[in-house]
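Accompanying notes for the structure given below.
The values are calculated or read from the model by the stated rules, or taken from the named source; none is laboratory data. Just so it is clear, the structure is predicted and the values come from calculations on it, not from any experiment. Cβ: placed from backbone, ideal geometry, glycine included. Neighbour counts: every protein chain shown.
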Amino acid sequence: MKRLIFAFSACAMVIAPGLTGPALADMPMSISTVGAGAHGYDWEVGTWSCTNPMHPSELGALASTTITATKLKDGSIMIRTASPNGDVTSYDTYLPKTKTWYAPYADSGGKYGTETTQETGKTIHWVGTFYDTDGTVTPIRDTFTMLSMAKQVDLSEAKVGGGWKVMAKTTCVKS
């Protein structure tokens with residue numbers, strides 16, 4: 001469980017901002033349209049620098065990461081999070097039939113999970129499950145708040161001991 005937050009906070013920073021569909025880099029988006037439909041996260045393709053000012057927890061919360069989001073031929077987005085603690089790879093995909101974003105991920109240490117959302121706008125909540133290599137299963141959730149189209153804050157939480165505990169408060173800025 002010591003590495004739970006490594007994977008959790010690294011993934012959480014990129015999971016909610018999922019991307020699919022043709023590039024819309026030249027079309028301005030507003031914060032109110034974030035997450036809406038298959039192009040609701042197109043604005044995020046690129047490189048982001050992220051910091052977490054919280055003290056490292058017993059679960060190993062990250063202090064800083066670099067995120068690179070790339071659109072794939074099938075419309076999904078592959079997101080790579082690199083940090084001194086290891087790497088995380090995630091794929092964000094939109095399912096039009098249910099209007100749901102899905103984000104499965106795995107880290108370089110073998111931990112994995114998924115989060116989903118159907119929300120849009122300035123504040124978006126993602127919920128899911130984290131699976132550690134020791135067999136521990138942990139409910140997780142992230143609250144992403146858009147400060148601008150190039151800056152966001154992610155409050156990452158895990159259900160520990162029957163209650164929700166803040167594991168990281170990460171700010172990401174697009175380069």
Qualifying positions in segment 140-164 - in a strand (DSSP E or B), over 20 Å from Ser30 (Cβ atoms) and more than 15 Å from the chain's Cα centre (by Cα): Lys159, Val160, Gly163, Trp164
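Regarding Trp48, is this residue hydrophobic (A, V, I, L, M, F, W, C) and part of a helix (DSSP H, G or I)?
Working: hydrophobic (A, V, I, L, M, F, W, C): yes; part of a helix (DSSP H, G or I): no.
The answer is no for Trp48.
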Out of segment 84-93, which residues are of a type outside the set (Val, Ile, Thr) and at pLDDT 80 or above? Asp87, Ser90, Tyr91, Asp92
Got a number for residues in segment 64-83 being modelled with pLDDT under 85 and in contact with an Asp or Glu (Cβ under 7 Å, 6 or more places away or on another chain)? 2
Residues in segment 87-98: is at least one under 12 Å from the mean Cα position of the chain (by Cα) and of a type in the set (Val, Ile, Thr)? yes
Does Ser90 meet the test of being in contact (Cβ under 8 Å) with a residue 40 or more places away in the chain and surrounded by fewer than 16 Cβ atoms within 10 Å (Cβ to Cβ)? no
Restricting to segment 63-84, name every residue that is outside any strand (DSSP E or B) and touching a residue at least 40 places away in the same chain (Cβ under 8 Å). Gly75, Ser76
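Going through Lys159, Lys165, Lys99 one at a time, which residue ends up being farther than 18 Å from Thr81 by Cβ, surrounded by fewer than 17 Cβ atoms within 10 Å (Cβ to Cβ) and out of contact with any strand residue (DSSP E or B) (no Cβ under 8 Å at 6 or more places or on another chain)?
Details: Lys159 fails: out of contact with any strand residue (DSSP E or B) (no Cβ under 8 Å at 6 or more places or on another chain); Lys165 fails: out of contact with any strand residue (DSSP E or B) (no Cβ under 8 Å at 6 or more places or on another chain).
Within the list Lys159, Lys165, Lys99, the selection yields Lys99.
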Matching entry among Gly121, Gly60, Gly128, Gly110 (being modelled with pLDDT of 90 or more, more than 19 Å from Asp42 (Cβ to Cβ) and part of a loop (DSSP other than H, G, I, E, B)): Gly110
